[in-house]
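The values are calculated or read from the model by the stated rules, or taken from the named source; none is laboratory data. Given the structure is predicted, the values throughout are model-derived calculations rather than measurements. Positions of Cβ are backbone-derived with ideal geometry, glycine not excepted, and every protein chain shown enters the neighbour counts.
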Amino acid sequence: MTAHRRIIAYPTPELMADAVAERTLLTLSGLLAEPGRDRVDIAVTGGTDGTAILRAIAGSELLDIVDWSHVHVWWGDERFVAADSPERNAVGAREALLDGLVEAGRMTEAQIHEMPADRRPASAVAAASADENAEALAAAAADYQRELVAELGDRPSLDIAMFGLGPDGHFASLFPDLPQVTMDDPSVLVTGVADSPKLPPLRLTFTVPMIANSERTWICASREKKADAVAVTFLGHADPHAPASFAAARTDLLWLTDRAAASLVC
Ligand SMILES: O=C(O)[C@H](O)[C@@H](O)[C@H](O)[C@H](O)COP(=O)(O)O
C-alpha cells in the first residue's frame, strides 16, 4: 500500500527544523513504546535542511524522551569520498548530533550505519578510470545493501526515511534524468552515481524501491529557492525530471517545508 502525500508548511525555516525534530523524536519514542519493539531505524540526510534538523534534534527539550540505545541510524545517500572528508553527510550528522550521543554513552558505534567511504588512496582516485570508479561504487553499494539485509531482513523497511530536496527536484542522490531515478528492480536497494551534477560526483544512494518501502518518507525543504522543486515534486508523479516526485512510503508521505518553499502549492 502506498501512502497519500501531504504537505505541511511552517512559518520559517527555523520552525520547520524544530517541527521536524519534534516529529522525529515523538515518532521514535512512540514506536519504542509499542509492545515487543526493540529497535527503530531512521535514515538521515545531508545538506542544509537535513543538518539543521539534526542540530534541532540535538538541541530539543524532547531529546531525552527517546531511548537512543534502541535507535539505528542509516543514510539515504552519501558522497563517495574519504571517510574523514568534511563533504561526507555522515561527518556532518556526527558533528550535529551523533557524536554527542555516543560520547554521552547513549548510543554505540554499532548503531550508526554509515554508507561505505572511498578507501582508495587520493592518488588512485585522481587517476581512476570511469570503469574503476563504477567498480568501486558497485562494490560499496553491494556492501551497504548487505548490511541493510543483515540488520533488517530481505525486504528492509525503515521506520523513517528523511530527505532534503534540491532546487532541481533531486532527493537522496537521485538526480534529474539520470538512470538511477527510474531503477525499479525491488532487489536493488542501493546504487552508485558516477556523475552527480551536485559535487562531489561520486555518490551512493538508496533506490526508489528502497525508499518506497519505508513506513514514513519525509521530504524536507525550506526557502524560496526550493519553491519550484516543491511544486513539481509534490504535484507531479514519477517524473524523471523531478526525482522527488517518485517519493513514496507505506504509511506516511510528507513534504515538510517552510512557507516560502511551499508558496507555489499552498
Ligand atoms: O548529499 C547531499 O547533497 C544530499 O543528501 C542531498 O540530497 C541534499 O539533501 C539536497 O541536495 C538538499 O540539500 P540542501 O538542503 O543543502 O539544499
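A few comments on the model shown:
- Restricted to strands (runs of 3 or more DSSP E) entirely inside region 182-251, those with at least 1 residues that are within 29 Å of A130 (Cβ to Cβ) and of a type in the set (G, A, S) are 190-193.
- Residues satisfying the stated conditions in region 23-56, i.e. touching a residue at least 40 places away in the same chain (Cβ under 8 Å), more than 16 Å from the ligand (Cβ to nearest atom) and either aliphatic (A, V, I, L, M) or more than 12 Å from D159 (Cβ to Cβ) (or both): R23, L25, L28, L31, V40
- Cβ pairs under 9 Å, 6+ apart, first in region 155-170 and within 21 Å of A52 (Cβ to Cβ), second polar (S, T, N, Q) and near the ligand (Cβ under 7 Å from one of its atoms): A161/T45; M162/T45; F163/T45; G164/T45; G164/T48
- Here is the figure for region 210-231: residues that are touching a Ser or Thr at 6+ places or on another chain (Cβ under 8 Å) and buried (at least 17 other Cβ atoms within 10 Å of the Cβ) total 13.
- Residues located in region 198-207, provided they are buried (at least 24 other Cβ atoms within 10 Å of the Cβ) and over 12 Å from the mean Cα position of the chain (by Cα): R203
- Of residues in region 57-92 being among the acidic types (D, E) and within 16 Å of the ligand (Cβ to nearest atom), the one nearest to the chain's Cα centre (by Cα): D77
- Take the conditions (1) more than 23 Å from E151 (Cβ to Cβ); (2) buried (at least 20 other Cβ atoms within 10 Å of the Cβ); (3) of a type outside the set (V, I, T); D84 misses just one of them, which is (2).
- When we screen P240, P200 for residues that are at pLDDT 95 or above, more than 14 Å from the ligand (Cβ to nearest atom) and not basic (K, R), the only hit is P240.
- Qualifying residue in region 162-174 (condition: among the polar types (S, T, N, Q), within 13 Å of the ligand (Cβ to nearest atom), crowded, with 20+ Cβ neighbours inside 10 Å and part of a helix (DSSP H, G or I)): no
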